[in-house]
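Each value in this text was obtained by applying a stated rule to the coordinates, not by laboratory testing. The structure displayed is predicted, hence computed values, not measured ones. Methodologically, a virtual Cβ is constructed for each residue, glycine included, from the backbone with ideal geometry; neighbour enumeration extends over all protein chains shown.
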Amino acid sequence: MLTNPTLERLTELRLTGMLKAYQEQCKSAQAEALTFDERLGILVDREHAERYNRSLAARLRKAKLRLPAALEDVDSRQPRGLDKRLLRALASGDWIRRHHNGILTGPTGAGKTYLACALGHQACREGYTVRYHRIPRLFQELALAKGDGRSPKLMRALAKADLLILDDWTTALLTDEQRRDLLEITEDRYGRRSTLLAAQPPVQHWHELIGDPTLADAILDRLVHNAHKIELKGDSMRKKKNCLNPTPETD
């Protein structure tokens with residue numbers, strides 16, 4: 001048999017999925033009943049699964065999602081304004097392919113952050129690159145980056161992500177520098193990538209929270225007009241979840 005040389009070649013080629021499946025076949029009497037095409041198909045399927053899982057794990061690490069959320073775990077039983085049809089459409093990832101945006105609004109504890117992270121996780125599953133940022137921390141990071149020369153690199157990273165999630169959007173009046181940074185980010189992404197915003201204030205109050213009318217018009221024009229909107233309602237999900245639940249769906 002050529003088992004050992006074959007194992008060595010698979011190892012050299014870093015075909016770890018095929019290597020594991022081949023080793024299993026060598027130890028299994030049932031594999032002898034399979035045709036060559038069937039055995040080859042099993043090897044190829046295992047390699048594909050291994051590569052997909054490694055790639056997904058890498059995308060999730062880079063995304064740095066705040067919560068380990070999944071759309072399958074989103075609680076749609078509560079009457080809080082979740083449109084199941086829209087959720088299914090967003091789960092497909094087609095909106096990201098078409099460079100549309102998303103907006104999640106609602107009171108504290110309504111589940112905005114969980115839903116945003118669940119959509120980010122689903123985007124990673126679909127093969128898209130994702131970056132998650134809380135707006136207050138992002139502005140701090142941008143300010144530091146300008147001081148140590150990392151600003152161009154950070155702005156390129158923000159521009160390149162297929163889906164940029166901005167959480168805690170417009171929680172306070174923006175400064176001049178923050179408005180300019182936000183305009184640059186939205187301009188770099190407009191028509192090229194998708195942005196998902198999660199915010200307490202409803203969209204109609206964003207203009208005044210951004211501050212400068214001219215810049216607010218420019219920023220919101222790039223974010224709102226092609227956005228899929230979900231307005232969550234009702235009481236805080238924190239009050240409704242059992243305290244023993246290790247990963248509650250909360251804001």
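If the chain linking A70 and T35 were pulled fully straight, counting 0.36 nm for each residue of separation and taking away their Cα-Cα distance, it would gain 8.7 nm. Averaging sequence separations of C-alpha pairs under 8 Å and six or more residues apart, then dividing by the length of segment 64-240, give the relative contact order as a whole percent. Over segment 64-240, the number comes to 36 percent.
Taking R0 as 30 Å, what FRET efficiency do you get between K153 and R54 from their Cβ-Cβ distance, rounded to the nearest 0.05? The pair K153/R54 has a calculated efficiency of 0.75. Calculated on the Cα set of the chain, radius of gyration then Dmax: 22.8, 76 Å. If the segment from R77 to T6 were pulled out straight at 0.36 nm per residue, it would be longer than the present Cα-Cα gap by 20.3 nm. Taking Cα pairs under 8 Å and at least six residues apart, what relative contact order does segment 3-61 come out at, in percent? Reported as a whole number, the value is 39 percent. The protection proxy used here, the mean number of other Cβ atoms lying within 10 Å of each residue, ranks peptides 23-29, 96-102, 116-122 as follows, highest first: 116-122, 96-102, 23-29. Per the Debye calculation on segment 33-155 with a single equal scatterer at every Cα and no solvent contribution, log₁₀ I(q)/I(0) for q = 0.19 Å⁻¹ amounts to -1.12.
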